[in-house]
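Novice: Have a look at the structure that comes next, please.
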Amino acid sequence: MEEPCGAGAAAPLRGDAEEPKQGSVLFLGGNEVKSCAVVKYSSAPPQAAFARLQEKTDLKLPPANWLRESAKLGPAGTTILGNSKKSKPFSSFGMAYDFIDSVGNDVDVVSDSENIKKLLKIPYSKSHVSMAVHRIGRTLLLDELDIQELFMRSSQTGDWTWLKEFYQRLIDQKWQRKKKSKEHWYQKAILSKFLYYSINGDGAAQPVPSTSKQHQEGPVAGESDEAGRASWPAPFEMPSSLSEDPGASNQGNVPLEPSYLVGHVASAPREQNLAPLFNDGENSQGLKNDFVRNILWTFEDIHMLVGSNMPIFGGGRYPAVSLRLRDNNKPINVLTGIDYWLDNLICNVPELVMCFHVNGIVQKYEMIKTEDIPNLENSNFSTKVIKDIAQNILSFLKSNCTKEGHTYWLFKASGSDIVKLYDLTTLCEETEDKYQNPFTMPVAILLYNTKKLSRDFTVLLNFLFRVACNMMLKKNQNKKHYGTIRTLLLNCLKLLDNGRHPQIIASANYMLSELFQLDEPKKEDSADFPINGNSDESYSEEEEEMPDSDENGSYSNSSDPPDDNKAVAIIKSVGELSVPEKYKSVHRIRPSCAFPVCHGTEERCRLVLNHVLEGLKSVDSSVKKEGDLPAADPSTPIPLKYEDESTSGGPESLEKQMALFLDKMGSFQKGKHSSQSGMIPGSWQYKMKLQLILKSSRAYYVLSDAAMILQKYGRALRYIKLALQCHDTYCCLCGSMLPEVLLFLCQCLTLCGDIQLMLAQNANNRAAYLEEYNYQTKEDQEILHSLHRESRCQVFAWATDLSTDLEYQLSVSCKCYEAAYEILLFSNLKSQNPEQHIQVLKRMGNIRNEIGVFYMNQAAAVQTERVVSKNVSTTEQQLWKKSFSCFEEGIQNFESIDDATNAALLLCNTGRLMRICAQAHCAAEGDFKREFSPEEALYYNKAIDYYLKALRSLGKRDVHPAVWDSVNWELSTTYFTMATLQQDYAPLSRKAQEQIEKEVSEAMMKSLKYCDVDTVSERQPLCQYRAATIHHRLASMYHSCLRNQVGDEHLRKQHRVLADLHYSKAVRLFQLLRDAPCEFLRVQLERVAFAEFQMASQNSSAGKLKTLSGALDIMTKTKGAFQLIRKELVAETEQISKDKSPAESVSVNDSSAGLNKEEVLKLLGIFESRMSFLLLQSIKLLTSSKKKIGGSSEEEAALRTNKQVYSLLLRATANKGLSPLERTELLLSLLEQLAPSGEGSPGTQ
């Protein structure tokens, strides 16, 4: 047969839930009451069968087993009869501590079963009720507030006079302590003996000789417990040596090592760092679960965690029964019936065995089923009413006990029908003489006197910290708990004296700093942090509806009687509790301190640093200094070293500092550590300071990153300096480095490298950055002073100095990345953090590119300034080597992570370096002696090789079109430059003309190959101009070869065809450009000269006339170029007249954008000369032809036109006073006249 809930045979460890067992659903008198009880913990041994006592058994005589241990009973005081000790003042805290996962969410009430019964009997009882109520999330913790005990101690110490005066003024003006009667102690004694008699076993029920009476009387007289405090009378307190022994009860608690809140920082992950704050010895002082059973009781829709000490017997026909002793002369009343019924319901005991006696002599037994108890004679009550009472009381308390961290007092005076609820925290704060009250926060009201300060603080703070720790472990799941956690921790801090509790203060401040997520981006519209600041929204959505004023009017402040306006809420009549749904709860929580809304990263980090500083102060104040350590003055700023180029050692000194740094990192791995303040490794100060230092380092890192984004690079460098100083101290203290700590150090160094690089690239704002860098807040200074108590080593000083030397800054940035990479390597983090590894290598490649470009530009500047020396200087060569080395290392970095794009860019820069080297080897003699040297050819070919490697690295244009086009352009430029130099400065002393022409032609064609004129882009006009120039140069070269070629007719013909082809292509490309009229005009003039050269070798008049007509046609097609030139000249003239300063404007040769006036004048003169010559020859040939054979009408018209144009041209050239604009307009008019004739003349193309 299955055991009922609450009577488990085996006792699981505390906090280990048993398998859920379904409770019974009872049907009582037509009223359905749903009840389910699941035993969460039991310290009782297997239940024993009870023994029926014979009639006439005298219960005044003690049995032989009375108050003795046995296998069936378990240890004395923790038997199946329950726990004989008086419950601790914070019994609900003890249960909540053990079942911390249920607090705040799943459970509505945590309390002693006696308190639950007392509340549910309020409408039926005239007895007084005094309970303390605390709220944690959705959970209410109920404890008896023994006001008489508190005032008795107050009369001795004078600490609580304000509360006593308040009580006497408003509640009981004639208060005096009530003493328990002898009858009370008598009834407790015989009940205890009856229960021991009832243990079924050999000799268990045998009475002892009468001499044992002296044993009976003494302890009873000394008992000070209250009758209603336990569910059975127990005449003896446990001896103090046993009652305080953690092992006295079989609770299954694993002894806790002396620990601190955040655990062992060097070996435990963060989720495991939130360990219990106190050891078991401190825990046993008050925050201890003394109940034999902890039961999760669901009564209708109310979930309660209840502690019960009710003795349960079983065996035989009765698997689980509760035993009760009743005086046969006193009938059972309603209060007793409710008491018995609720006890059985809570423990899920199906039957009640009642033993009747008269003056201690057993009379009879009666068996009653639990569901029949409400129907007993003289004890009839409605279970539905009890359900309504429970729901109304819970709703009343939840609606009014809204502030977490406050202590509420539920009070009903004896014989009164009015129930009042007070906020003792508020009352305490309103007292005039606050110094008289040593506590300013809620739970302190429960403390008895100042002598118990240390012990009871341990009780309360242990629980509050445990709740906060548990919620911290779940904070990532629901940020709505942040306000609750912060409230608990801040309340603890307000209770504490720094001189007496530095460990708790440091731990609380660390936990407060942990609430702020430094590694998450700020979300502007996040629901987790509402703008109104009430971020503590741990109530559920369905509970957010505000209470109805009509339904709650009976306990609202507006209905308070005028003589007691201190009450938070009042139930005017206990009869209201029996009305179904009289009170409805909204379950709203109003924390006394909401989670702050942080609108920016800096604000969030500053809050973190504030808590870290408070924690560090607590740790430092508790460290005992062995020597006279000089105290730092927080008001004195700690200088942040400013590095000037005159004092810095340059990149060379960085190598030594890096070696020292890596050696230091190696010593960290070997476990070397030291502390100047005398902290003992392994102590709570040591462990806590490590965590606080690491937290501050992370906060400064986030601040630095945020400043970096805002381009406040001086501020960013200051913050990363502080972060690395924190990390430096951490490394000096810590015996071993966790992988995540090393990874964070790698991130810090990477960010520091980024900042130094940006400072180097923005040197113009150095003054502003220096001001930002030197600024320090008082908070930062105090944190630095705390760090310097432990270590003054400056391992990272080389990385965080603000230098004015550009080369030094770039070198520092590079060394930061290298240090980060070394950390990844020697700590084996490379494979575990591939993303970080890739980022570091990318940055290393980038900074090496930056340094390479820096040295390359320096080399170019030296080359430009070189005037006297004809040879390449040593300085230039050293700069080349440095630049080349950096480029090479950067390429290796990018290739190691398969970053083809960046590798191609560095290869492209290396090609540019080779071109600079080639330019440096130009001979310094005059141009007439200049020849293209072998050194130039060598370096240009090297440049070409690097550009081709860059293209091979990319593979195809789709990988990165912009980079692909850039590399192609640079490669085309290199071929073009080399070909141009060979063509202009032909090395005739080393090579034959034909070989040079061949090499030039090949280089030009390769340049054309990589010059993309078809793809539409910003570079397309440049490509078209480059291609047109190449064709022009090739045409000019073949034209020159044709002039100088003698003999080989085939080769001459080939050169003539190639020259004509390239001239045509050059003209076509120049026509596409709207900003190159002079180039177009020059090409056309060369074509005319080419035609003239051909005409000179012709013998027939017809051939010559045809060639002349073609040349004139070429000239007429230059009309578009002259129109562009006229447009530019007109714009220039208008600008001169507008500015009224012609003298200044005329003095400038290139006054118009893109038009060289000197070149225009030169081209105009050549054009006029060649046109005059062609017209004259044409006139001669046409006249001669007319005389011989008679010309056609077309030839006659052409002759007349040519004569007319020739005449006008001669007059114009004779007039030397014409301006360029006038000459251009004249030529345009002459070309207009020639156009019809030219188009119709023979040979026109």
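The values are calculated or read from the model by the stated rules, or taken from the named source; none is laboratory data. Worth saying up front: this structure is predicted, and the values here are computed from it rather than measured. Ideal geometry is used to build each Cβ from the backbone, glycine not excepted, and the neighbour counts take in all protein chains shown. The area values use the complete protein model at the heavy-atom level, side chains included, leaving out ligands, DNA and RNA. Shrake-Rupley method; radii C 1.70, N 1.55, O 1.52, S 1.80 Å.
Novice: Given the structure, is residue 972 surrounded by 15 or more Cβ atoms within 10 Å (Cβ to Cβ) and more than 21 Å from residue 845 (Cα to Cα)? Lay out the reasoning, then the answer.
Specialist: Values: surrounded by 15 or more Cβ atoms within 10 Å (Cβ to Cβ): yes; more than 21 Å from residue 845 (Cα to Cα): yes.
Yes.
Novice: Could you tell me how many of the residues in segment 759-774 are closer than 27 Å to residue 612 by Cβ and surrounded by 13 or more Cβ atoms within 10 Å (Cβ to Cβ)? Please lay out each step first, then the result.
Specialist: Kept after step one, since they are closer than 27 Å to residue 612 by Cβ, are these residues of segment 759-774: 769, 771-774.
So of that shortlist, the ones also surrounded by 13 or more Cβ atoms within 10 Å (Cβ to Cβ) come out as 769, 772-774.
Final tally of qualifying residues: 4.
Novice: So which residues in segment 815-827 are open to solvent by 10 Å² or more (accessible area, probe 1.4 Å) and either under 15 Å from residue 889 (Cα atoms) or part of a loop (DSSP other than H, G, I, E, B) (or both)? Step through it out loud before you land on a result.
Specialist: If we filter segment 815-827 for residues that are open to solvent by 10 Å² or more (accessible area, probe 1.4 Å), which is where we start, we get 815, 818, 821-822, 825-827.
Once the filter is applied, which keeps residues that are open to solvent by 10 Å² or more (accessible area, probe 1.4 Å) and either under 15 Å from residue 889 (Cα atoms) or part of a loop (DSSP other than H, G, I, E, B) (or both), segment 815-827 yields 815, 818, 821, 827.
Novice: Name the single residue that is modelled with the lowest pLDDT among those in segment 56-113 being over 58 Å from the mean Cα position of the chain (by Cα) and outside any loop (DSSP other than H, G, I, E, B).
Specialist: Only one residue tops the list, namely 70.
Novice: For residue 885, all conditions in the list (1) open to solvent by 30 Å² or more (accessible area, probe 1.4 Å); (2) touching a Ser or Thr at 6+ places or on another chain (Cβ under 8 Å); (3) at pLDDT 90 or above; (4) not aromatic (Phe, Trp, Tyr) hold save one; what is the number of the exception?
Specialist: (2)
Novice: May I ask you to say which residue of 423, 339 is over 24 Å from residue 580 (Cα atoms) and surrounded by 21 or more Cβ atoms within 10 Å (Cβ to Cβ)?
Specialist: Numbers: 339 fails: over 24 Å from residue 580 (Cα atoms).
423 is the lone residue from the list that is over 24 Å from residue 580 (Cα atoms) and surrounded by 21 or more Cβ atoms within 10 Å (Cβ to Cβ).
Novice: Would you be able to say whether some residue in segment 1039-1053 is open to solvent by less than 30 Å² (accessible area, probe 1.4 Å), more than 21 Å from residue 1112 (Cβ to Cβ) and without any contact (Cβ under 8 Å) to a residue 40 or more places away in the chain? Step through it out loud before you land on a result.
Specialist: Kept after step one, since they are open to solvent by less than 30 Å² (accessible area, probe 1.4 Å), are these residues of segment 1039-1053: 1039, 1041-1042.
After this cut, where a residue has to be more than 21 Å from residue 1112 (Cβ to Cβ) as well, the list is 1041-1042.
After this cut, where a residue has to be without any contact (Cβ under 8 Å) to a residue 40 or more places away in the chain as well, the list is none.
Looking through segment 1039-1053, none of the residues is open to solvent by less than 30 Å² (accessible area, probe 1.4 Å), more than 21 Å from residue 1112 (Cβ to Cβ) and without any contact (Cβ under 8 Å) to a residue 40 or more places away in the chain.
Novice: Could you check segment 976-1087 for helices (runs of 4 or more DSSP H) lying wholly inside it with 3 or more residues that are of a type in the set (D, E, K, R) and farther than 30 Å from residue 1123 by Cα?
Specialist: Numbers: elements: 993-1009, 1020-1044, 1049-1072.
In segment 976-1087, 993-1009, 1049-1072 are the helices (runs of 4 or more DSSP H) which contain 3 or more residues that are of a type in the set (D, E, K, R) and farther than 30 Å from residue 1123 by Cα.
Novice: Follow-up question, since we're still on this one. Could you check, for segment 673-693, whether at least one of its residues is open to solvent by 20 Å² or more (accessible area, probe 1.4 Å) and at pLDDT below 60?
Specialist: Taking segment 673-693 and keeping what is open to solvent by 20 Å² or more (accessible area, probe 1.4 Å), we get 673-676, 678, 680-687.
From what's left, at pLDDT below 60: 673.
The answer is yes, given that some residue of segment 673-693 is open to solvent by 20 Å² or more (accessible area, probe 1.4 Å) and at pLDDT below 60.
Novice: Continuing with this model, one more query. More than 30 Å from residue 501 (Cβ to Cβ), open to solvent by 10 Å² or more (accessible area, probe 1.4 Å) and touching an Asp or Glu at 6+ places or on another chain (Cβ under 6 Å) - does that describe any residue in segment 715-736?
Specialist: yes
Novice: When residues of segment 975-1002 are filtered for being hydroxyl-bearing (Ser, Thr, Tyr) and open to solvent by 30 Å² or more (accessible area, probe 1.4 Å), how many remain?
Specialist: Step one: filter segment 975-1002 for residues hydroxyl-bearing (Ser, Thr, Tyr), giving 975, 977, 980, 985, 989, 1001.
Filter once more, so that each one left must be open to solvent by 30 Å² or more (accessible area, probe 1.4 Å): 977, 985, 989.
Number of matching residues: 3.
Novice: Continuing with the same structure: Would you be able to say whether some residue in segment 114-126 is open to solvent by 10 Å² or more (accessible area, probe 1.4 Å) and assigned to a strand (DSSP E or B)?
Specialist: Within segment 114-126 (the criterion being open to solvent by 10 Å² or more (accessible area, probe 1.4 Å) and assigned to a strand (DSSP E or B)), the answer is no, since none of the residues qualifies.
Novice: Quick check, is residue 1121 of a type in the set (A, V, I, L, M) and surrounded by fewer than 21 Cβ atoms within 10 Å (Cβ to Cβ)?
Specialist: Working: of a type in the set (A, V, I, L, M): yes; surrounded by fewer than 21 Cβ atoms within 10 Å (Cβ to Cβ): no.
So residue 1121 does not fit the description; no.
Novice: Can I ask one more? Just to be sure, is residue 930 surrounded by fewer than 19 Cβ atoms within 10 Å (Cβ to Cβ) and over 43 Å from the mean Cα position of the chain (by Cα)? Before the answer, list the steps.
Specialist: Working: surrounded by fewer than 19 Cβ atoms within 10 Å (Cβ to Cβ): yes; over 43 Å from the mean Cα position of the chain (by Cα): yes.
For residue 930, the condition - surrounded by fewer than 19 Cβ atoms within 10 Å (Cβ to Cβ) and over 43 Å from the mean Cα position of the chain (by Cα) - is met.
Novice: Residues in segment 888-905: is at least one open to solvent by less than 30 Å² (accessible area, probe 1.4 Å), on the phi < 0 side of the Ramachandran plot and more than 41 Å from the chain's Cα centre (by Cα)?
Specialist: Checking segment 888-905: not a single residue is open to solvent by less than 30 Å² (accessible area, probe 1.4 Å), on the phi < 0 side of the Ramachandran plot and more than 41 Å from the chain's Cα centre (by Cα).
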